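Shown next, in structure tokens, is the structure this report addresses.
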Number of protein chains: 4
Amino acid sequence: MSEIDQTPLHQMVETLSQEENMTAKQVKIIEAAIEIISEKGYYNTSTSEIAKRAGVAEGTIFRHYRTKKDLLITIVTPVITSFSAPVFADKLVDQVFREDYEHFEDLLYTFIKNRFAFAQANLPMLKILLQELAFHPEIQSTYKDTFIEKVYPAFNKALDFYKEKGDIQDLPNETLIRMIIPPIIGFMITRFIIQPDRKWDDEMEMKQTVTFIMKGIGSLK
Amino acid sequence: MSEIDQTPLHQMVETLSQEENMTAKQVKIIEAAIEIISEKGYYNTSTSEIAKRAGVAEGTIFRHYRTKKDLLITIVTPVITSFSAPVFADKLVDQVFREDYEHFEDLLYTFIKNRFAFAQANLPMLKILLQELAFHPEIQSTYKDTFIEKVYPAFNKALDFYKEKGDIQDLPNETLIRMIIPPIIGFMITRFIIQPDRKWDDEMEMKQTVTFIMKGIGSLK
Amino acid sequence: MSEIDQTPLHQMVETLSQEENMTAKQVKIIEAAIEIISEKGYYNTSTSEIAKRAGVAEGTIFRHYRTKKDLLITIVTPVITSFSAPVFADKLVDQVFREDYEHFEDLLYTFIKNRFAFAQANLPMLKILLQELAFHPEIQSTYKDTFIEKVYPAFNKALDFYKEKGDIQDLPNETLIRMIIPPIIGFMITRFIIQPDRKWDDEMEMKQTVTFIMKGIGSLK
Amino acid sequence: MSEIDQTPLHQMVETLSQEENMTAKQVKIIEAAIEIISEKGYYNTSTSEIAKRAGVAEGTIFRHYRTKKDLLITIVTPVITSFSAPVFADKLVDQVFREDYEHFEDLLYTFIKNRFAFAQANLPMLKILLQELAFHPEIQSTYKDTFIEKVYPAFNKALDFYKEKGDIQDLPNETLIRMIIPPIIGFMITRFIIQPDRKWDDEMEMKQTVTFIMKGIGSLK
DNA sequence: CATGAATGAGCTTTCATTCAT
DNA sequence: TATGAATGAAAGCTCATTCAT
């Protein structure tokens, strides 16, 4: 599993910065942009505000990112790919077929735990992605490339494997996916956005979610 | 069930217009605003564009809505209340206790069908609500007033009733709601936003969703 | 002396209304305009606000006054003429020569008392005149016509009369006027605008002002 | 006495610009604003007009002054403080008590000459102050802070000193001030605003004004 | 590389004025 | 005669982007 996934936010940005040869100022800019945009939204955030928070001149932003939207894309693209990475990563797919997970339930549980950790570490970036996806065609196409073309097929493979194995019912994969994903997303949205301040027993909630999904799609032996 | 719910968009706006004593121009403005904002988002839509599409002078907008945000709120508020209306409407709650629905499954099915029809009729307004909820505290508070204070209690009543009756498992209502709502929303988002152009057998999908949910929360006789 | 002078504000407007054949609505408009403009200034007062306060439709204002500035002029012109009226009124000039006032000091005292009463009764209108005179050429020309062409000559006559009589020094009239007017205006501005809420012994103050002026311009017997 | 006082207008602005670290464009903006506003008034002057006259983009104005009113205040505040400065300046007060002026008449004459020079150099700014004072509470409060709290006490000290010395009558200071100030202001308004084009023997007029005031308030030996 | 003053297009909003009713 | 909805020009202001230093 990618090491990026579970590191806290600024570590992640720093990690990226090395991979992409970012200067210290660039890191500052990205961090400031993530903070402010996730809080107030893209259109309510001015480049001057980002510059101020980052401690750089406004011109410096445009030295590194041709436009304001460029900056948004720079923030949002790695989230899309990272978020979907473990699903289609060779490692995972390998594991599936090396039968590291005896049952689909085990795979599902690992999947939820892993994505939960990622969401926790990348909450601001995910908020931005969620909000801006609707209005920027550039983001939509990245999302489509990654999700539709990569995540989806990987999902299909896994589902076919466990269907054959008899773990899950023989429904169309699209239907199965629509039963698996929303309860997971629903839990996370409630957990991180609607009621972030409530006391949560995350472990228990995730197990419950898995159980709920499995009752719905598991084969009726 | 309110008659408003299932009328198509412009009929709905017209219905509202009579109730609220709107002039023809006001109706045009609201219609134009819904169209453009749902397509491009609030911040990408200028009042001059709305005016042009509505065939009125820009000043006319501000005769009727003090600010641009006022216009947004005027569009979005009735969606929030209408969307939740049938949930807590006296009639529905009454029916529950008059046992018009023998089993929770029946209630759930009616609920999905009804909300599906509403979403279909009010898609543009719902898109706007979904997107702008995050950034406008005024909308958030309307949402909270309506949802938290009215919908939630009504839900609780119904759940308690069918729990006692033995239809559904004895889980905390919050957990139950988190299992019921996301699959429904998930279906609708897929249906109307992600893949609106696919051929759908809506009836079948809704039944499947109900079955899925019931397997997860139904009592294990 | 004109009867208009000492009547309270709305009586004065009503009096004017009869002379000029004003409808009830017109009176209301003028009254509202005087109130609001004197308080907030011409440019901070909108016609819609005047209409609201007057209890008429906005269109009604423009039925009676072609433009907003027309309305201002209608308010301000009679103040200019009324304020200067008693100075050059036939009656007064007559009195001067009929020697109703034995000494210039007596004339001065009557003059101050009379103008004080007028200012008190017409304070809002005078405030408007004072403020707007600077920016509206139309008002300036009315002021010039009245003041320069009528008040001034009348003043000259009186001054010449009492100079000859030996009551006042043989200085150029322009100089004398510049010594007589400012202390009077200065008193009134302090009295009505700078410190209107202080307890004033008006009678005493006016006498003192006369004494002060007379010391300065009286002949040194 | 402050050296600022007697420099001509644009020199003064330039002097200010150095003290306050103004850019060349800022100076241009201030100069243009003073010119146009003093001529046509604050509400008849648009920011676009100021920008045009200053030879800058309209946005540049708002880089330096958050609002149009901010610009007004920036213009008007130093006039208030400079105008009153010499009155309460330590130097002056010191001089009074070091008896540089043997008689109040001498002090008065110096005062008039000095304020006359200041008015001449700052006429446009003073016009603006005079007109806008009525409508902007921010200006009023600056005026009050400076005038009521600083000028007034200084005046009182001087008056008490010369009363005791027997130069002026034992009247309440408020009354004395109301006799001293209006003739001076009256002269200046006539000189600079009502009849600026007339041929004036300023020296003589000022002496005459002093004589007039002294006759009125001087002790009757 | 970094700066930040300058830009100007475009925004929302105001308001005197018009005109069909 | 009175109305008030509609107008549209013009206002103040914002902000992504440029560029000389």
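The values are calculated or read from the model by the stated rules, or taken from the named source; none is laboratory data. If you're wondering where the values come from, they're calculated on a predicted model, not measured in any experiment. Quick reminder, even Gly has a Cβ in these numbers, built from the backbone with ideal geometry, and neighbours come from all protein chains shown. What goes into the accessible areas is simple: the full protein's heavy atoms, side chains included, and nothing from ligands, DNA or RNA. Shrake-Rupley method; radii C 1.70, N 1.55, O 1.52, S 1.80 Å.
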For this session: Considering only chain A, pick the residue with its Cβ nearest the axis of the rotation onto chain C, and state the distance in whole Å.
Result: A:ASN44, 15
Exercise. Once A and B are treated as a pair rather than alone, how much accessible area drops out, both sides summed, in Å² to 100, probe 1.4 Å?
Worked result: 2600
Exercise. What order do C:LEU71, B:LEU220 take when sorted by accessible area (1.4 Å probe), most exposed first?
Worked result: B:LEU220, C:LEU71
For this session: Between copies, how far apart are the A:LYS40 label points? List them in nm, one decimal, shortest first, with each point 7 Å from Cα toward Cβ, please?
Result: 2.3, 3.0, 3.4
Exercise. In terms of solvent-accessible area of protein heavy atoms at a 1.4 angstrom probe, what is the ranking of A:ASP106, D:ASP197, highest value first?
Worked result: D:ASP197, A:ASP106
Seminar exercise, completed: Whole-percent tail of the Cα-Cα distance distribution for the range C:9-217, cut at 28 Å, equals 36
For this session: On the full set of protein chains, 1.4 Å probe, figure out the accessible area of D:GLU174 and give it in Å² to the nearest 10.
Result: 60
Exercise. When each copy gets a label point 7 Å from Cα toward the beta-carbon at B:ASP170, what are the spacings between them in nm, shortest first?
Worked result: 3.9, 10.0, 12.1
Exercise. Per the 1.4 Å probe, what fraction of the accessible area of the range C:9-217, in percent, lies on carbon and sulfur atoms?
Worked result: 53
Problem set entry | Amide H within-cut-off set for C:ILE168, under 5 Å, with H built and near neighbours excluded | C:LYS163, C:SER219
Exercise. To the nearest 10 Å², what's B:GLU205's accessible area with a 1.4 Å probe?
Worked result: 10
Exercise. Using a simple spin-label model with points 7 Å from Cα along the Cα→Cβ vector, what separation in nm is obtained for A:LYS25 and D:ILE181?
Worked result: 5.5
For this session: Compute the distance in nm between two label points, each set 7 Å from the Cα along the Cα-to-Cβ direction, one at C:LYS113 and one at B:MET204.
Result: 10.6
Exercise. Just counting partner chain Cβ atoms within 10 Å, what average do the residues of peptide B:166-177 show around their Cβ?
Worked result: 1
Exercise. Can you list, shortest first and in nm, the gaps between the label point of A:THR67 and those of its counterparts in the other copies, using a point 7 Å from Cα in the C-beta direction?
Worked result: 2.8, 3.4, 4.5
Problem set entry | Calculated FRET efficiency for the pair B:SER219/A:ASP106, C-beta based, R₀ 30 Å, to 0.05 | 0.70
Problem set entry | Exposure ranking of C:ARG63, A:ARG198 by accessible area [1.4 Å probe, largest first] | C:ARG63, A:ARG198
